[in-house]
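Scroll down for the structure; my scribbles are underneath it.
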Amino acid sequence: MRGKLITLEGIDGSGKSTVAKKLQENPEIRAFEPVFTREPTRGTFTGTAVEKSIQSDTDQLAELFLFTADHAEHLAKLVKPALENGKSVISDRYSDSRYAYQGVTLKNRLDNPLEWVKNLHRGWTIVPDLTFLFDISPEISVERCGRRGAQSKFEKIEFLRGVRELFLRLVEEDPERFIVIDASQPPEGMEKEVMEKVLEFLHRNSRNKA
């Protein structure tokens, strides 16, 4: 039986990467032996190319194709094999980040860039079974990003405002897949809420396999 794909999404500074790390450390979740991963991928040719593009003045359309190439490599080498072997996969960022971020980045280059980027993935990507959207105001996001050091070109209030809007539009389009988490709450509350929902989902999937 095919494994399940769980993804964590949100604008920069939402706390999703911290929660992803906590999930990886949790012994109850580790008992299910999920595969933990992220996008952009780390230590790969495509992931390194993406990271370099983020830190440089790469053309916006070229950057989208780098992200998409990394996603294709990620699917082929890790996500698909794990799911086909019945493993659950938990990814810190996935295709929804591309739809939301590049949907804003390309707004002056394309008509309806959100749908254009989604169509670019249609037919070959794998749609997650469950997605957590860590929702937070861009003002709080930028404040948090500023505290942790140098900000990337994506960590600007106006830009993140647009990204958040597209994330929320994706939730409206597929409400059964998404769970929206209030990321402005204290980290402990957010972690507890996500832990409980992930465990519930994994237990339910485990029972369905039996």
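The values are calculated or read from the model by the stated rules, or taken from the named source; none is laboratory data. Note that the structure is a prediction, hence the values are computed from the model and not measured. We place every Cβ from the backbone using ideal geometry, glycine too, and count neighbours over all the protein chains shown.
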Checklist entry - All but one of (1) in contact (Cβ under 8 Å) with a residue 12 or more places away in the chain; (2) over 13 Å from Val19 (Cβ atoms); (3) within 16 Å of the chain's Cα centre (by Cα); (4) in a helix (DSSP H, G or I) hold for Val194; which doesn't? => result (2)
Item to check | region 66-83, subset surrounded by fewer than 15 Cβ atoms within 10 Å (Cβ to Cβ) and over 17 Å from the mean Cα position of the chain (by Cα), residue farthest from Lys156 (Cα to Cα) | outcome: Pro81
Checklist entry - (1) modelled with pLDDT under 95; (2) assigned to a helix (DSSP H, G or I); (3) within 17 Å of the chain's Cα centre (by Cα); (4) not aromatic (Phe, Trp, Tyr): which one isn't true of Glu188, the others all being true? => result (3)
Next on the checklist: Whether any residue in region 52-63 is within 19 Å of Ser95 (Cα to Cα), of a type in the set (Asp, Glu), surrounded by 14 or more Cβ atoms within 10 Å (Cβ to Cβ) and touching a residue at least 40 places away in the same chain (Cβ under 8 Å) is what I want to check.
Outcome noted: yes
Next on the checklist: Looking at Lys107, Lys118 in this structure, which one is modelled with pLDDT under 95 and either touching a His at 6+ places or on another chain (Cβ under 6 Å) or surrounded by fewer than 23 Cβ atoms within 10 Å (Cβ to Cβ) (or both)?
Outcome noted: Lys107
